[in-house]
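The values are calculated or read from the model by the stated rules, or taken from the named source; none is laboratory data. Note that the structure is a prediction, hence the values are computed from the model and not measured. Methodologically, a virtual Cβ is constructed for each residue, glycine included, from the backbone with ideal geometry; neighbour enumeration extends over all protein chains shown.
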């Protein structure tokens with residue numbers, strides 16, 4: 001007890017003595033005397049018990065330091081593996097389990113080998129089913145593609161899908177390539193090795209047409225796909241582009257009026273050469289800027305209305321927009337409208353099924369049935385030299 005406590009206890013004792021003296025003369029103070037005497041006795045008892053408790057406390061500075069260091073370590077562990085101590089303990093238990101699995105020795109290796117053998121057998125079974133479907137799909141694709149190539153002045157070409165066995169992977173156990181022969185009597189060779197630029201353009205256009213109804217690509221872009229072909233073939237290309245537009249958005253860069261006339265919308269692309277100092281549209285071009293040699297090329301895209309479109313088609317056809325070329329442009333637009341109407345009516349007829357009808361085939365295993373539909377019937381994963389075409393569906 002501190003000095004102030006002893007002073008208060010002494011005052012309480014003096015108050016008791018005073019009340020005893022007063023009680024001799026006035027009995028009314030006896031209840032107060034009892035309260036003070038009881039309080040004094042309780043305070044003295046509390047003091048004795050506190051002294052006894054203090055004597056029993058063990059003071060160990062080294063133990064206190066060890067506890068504080070342990071708390072610091074636990075805080076660091078929580079920051080790294082926590083954020084709570086329970087989360088850190090869970091991480092410790094998981095790492096201990098992983099370590100036990102790794103150091104399990106031969107038992108763990110044997111279990112892993114068994115799992116590997118099961119997965120490898122399932123992969124081989126699925127690849128065998130996929131190879132079977134690919135062969136059936138390849139024969140259908142060969143016939144369909146040759147039909148699409150005939151209107152493009154490629155009646156004599158030969159086409160074959162080559163399927164060669166390879167090591168099983170996630171995409172199957174086949175190496176697939178497109179073999180092509182542009183002329184009779186010539187052997188089949190890889191497409192990129194023998195096809196000219198025009199032949200490659202028509203081939204890819206026909207290929208896209210074959211898959212137009214199942215290809216999920218939203219937009220197709222063709223850059224001068226009609227280069228190096230005759231007028232009759234150009235007309236066939238224009239019709240196939242329109243056919244593709246029934247299932248995709250088709251953007252085509254062309255200088256052929258026949259192809260441009262088949263489109264539903266027409267944009268003109270112009271190049272302008274301006275000094276770099278002209279930063280914004282409408283800024284005044286000074287004479288100094290006109291003489292500047294640091295020019296910048298700007299590309300402007302303009303949507304053409306019907307009159308502008310006729311003039312542009314006339315320019316493409318004859319290099320000028322005279323009366324005769326305007327009349328020719330109008331005849332192209334009228335012919336294109338008629339062709340689009342006839343083609344739309346034909347396309348609205350029930351489509352031919354490109355998906356192979358797998359009849360008389362063994363029932364697929366559970367692994368094969370779990371494969372995505374696109375892999376089950378036609379995951380060609382075609383490699384065209386440096387061009388890889390995959391995931392057709």
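Odds and ends about this structure:
- Among (1) exposed (fewer than 15 other Cβ atoms within 10 Å of the Cβ); (2) closer than 24 Å to residue 316 by Cβ - the single one residue 143 does not satisfy: (2)
- Of the residues screened, residue 166 is not one that is modelled with pLDDT under 90, surrounded by 13 or more Cβ atoms within 10 Å (Cβ to Cβ) and on the phi < 0 side of the Ramachandran plot.
- So residue 108, is it over 30 Å from residue 167 (Cβ atoms) and in a helix (DSSP H, G or I): no
- Against the conditions (1) closer than 30 Å to residue 165 by Cβ; (2) surrounded by fewer than 11 Cβ atoms within 10 Å (Cβ to Cβ), residue 93 satisfies every one except (1).
- Scanning segment 175-212 for residues that are loosely packed, with under 15 Cβ neighbours inside 10 Å and under 29 Å from the mean Cα position of the chain (by Cα) gives a single hit, 175.
- Residue that is nearest to residue 334 (Cα to Cα) [pool: residues in segment 272-320 that are modelled with pLDDT under 70 and either within 41 Å of the chain's Cα centre (by Cα) or surrounded by 13 or more Cβ atoms within 10 Å (Cβ to Cβ) (or both)]: 281
- Residue check, residue 266 modelled with pLDDT of 90 or more, within 27 Å of residue 306 (Cα to Cα) and touching a strand residue (DSSP E or B) at 6+ places or on another chain (Cβ under 8 Å): yes
- When the residues of segment 52-76 are filtered to those that are in a helix (DSSP H, G or I) and more than 60 Å from the chain's Cα centre (by Cα), the one that is nearest to residue 88 (Cα to Cα) is 61.
- Residue 102, sole failed condition from (1) surrounded by 10 or more Cβ atoms within 10 Å (Cβ to Cβ); (2) farther than 30 Å from residue 16 by Cβ: (1)
- 2 or more residues touching a strand residue (DSSP E or B) at 6+ places or on another chain (Cβ under 8 Å), over 22 Å from residue 337 (Cβ atoms) and modelled with pLDDT of 85 or more: qualifying helices (runs of 4 or more DSSP H) within segment 187-255: 191-194, 197-210
- Residues that are surrounded by fewer than 21 Cβ atoms within 10 Å (Cβ to Cβ) and in contact with a strand residue (DSSP E or B) (Cβ under 9 Å, 6 or more places away or on another chain) were ranked within segment 124-137; the one that is nearest to residue 156 (Cα to Cα) is 135.
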